[in-house]
1. Using the scaling law 2.2 N^0.38 Å as the reference, what is the normalised Cα Rg of the chain?
2. Order of H24, H37, H182 from fewest to most other C-beta atoms within 10 Å?
3. Could you pull out the chymotrypsin sites (Phe, Trp or Tyr not before Pro) across region 131-219 that fall in loop regions by DSSP (anything but H, G, I, E, B) with no more than 11 other Cβ atoms inside 10 Å?
4. For a quick check: with amide H placed at 1.01 Å from N, whose amide H comes under 5 Å from L66's, ignoring anything fewer than 5 positions away on the same chain?
5. Between K106 and T60, 0.36 nm times their residue separation minus their Cα-Cα distance comes to what?
6. How far is helix 157-171 tilted, in degrees, relative to the longest principal axis of the Cα atoms in the chain, given as a value from 0 to 90 rounded to the nearest 10?
7. Among H172, H77, which comes first, second and so on when ranked by fewest other beta-carbon atoms within 10 Å?
8. Evaluate the distance, in nm, between pseudo-label points positioned 7 Å from the Cα of N179 and of D29 along their respective Cα→Cβ axes.
Amino acid sequence: MSLRINDTAPNFTAKTTHGEIDFHSWIGDSWAILFSHPKDFTPVCTTELGYMAKIEPEFTRRGAKLIGLSIDPVESHGKWVADIEETQGATVTYPMIGDTDLAVAKLYNMLPAEEPGSSDGRTAATNATVRSVFIIGPDKKIKLMLTYPMTTGRNFDEILRVLDSMQLTARHKVATPVNWKHGDDVIIAGSVSDEDAKKLYPEGWAAPKPYLRIVKQPR
Ligand code: BEZ
């Protein structure tokens, strides 16, 4: 079954570099970023996992926890951490799931399409997870899904930007425009009447169209 935004993130138990976890219990009251990579000891993945280690404090500041995943065993993840530290100058302290039986990969549709011609439709390459990212809220609902190809490293700053937007729009009746970043002007939600908007934003707003009402980012 394919997952959709607002679905409850499927729960699972899994072996990680921090021991066995129950996913929902591990999330607790936090936000969670679940992200998969194709293979340990590969170049693009090494840069990605290193960058996530570097910016982990930014996720912590936003009340979000990180958890990586590939089909490699946790022992392999543990050994790879030294290479990431040596080449990327950052220590991975977030847990990594060793999904050797592909259970979580299948649950979250992290595997690429099967290749026609192989006996059971799967090969070593198609058994490796693609570069998926899930943002899961404290309510355990899926808030964002991203899927990138094997050869393209992700922009994890985008995940921070989306978290900022989601956390702001959960507190205020606003939406964030294209390429918005924290501190930029926002859009008053369509569900807010002009009358209510006057109470919320007594200093007014710019409205190039009646449906496009731009206002300073509320605190
Ligand atoms: C990489 O991380 O460099 C990589 C991994 C799997 C396939 C292609 C590239």
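1. 1.17
2. H182, H24, H37
3. Y211
4. Sorted by chain and number, the residues that satisfy this are I33.
5. Taking K106 through T60 to full extension adds about 13.8 nm, to one decimal.
6. 40
7. H172, H77
8. Label at N179, label at D29, 3.9 nm between them.
Values in this text are rule-based calculations from the coordinates and carry no lab data. Remember, predicted model here, so these are calculated numbers, not experimental data. Using ideal geometry, Cβ is built from the backbone for each residue, glycine included, and neighbour counts are taken over all protein chains shown.
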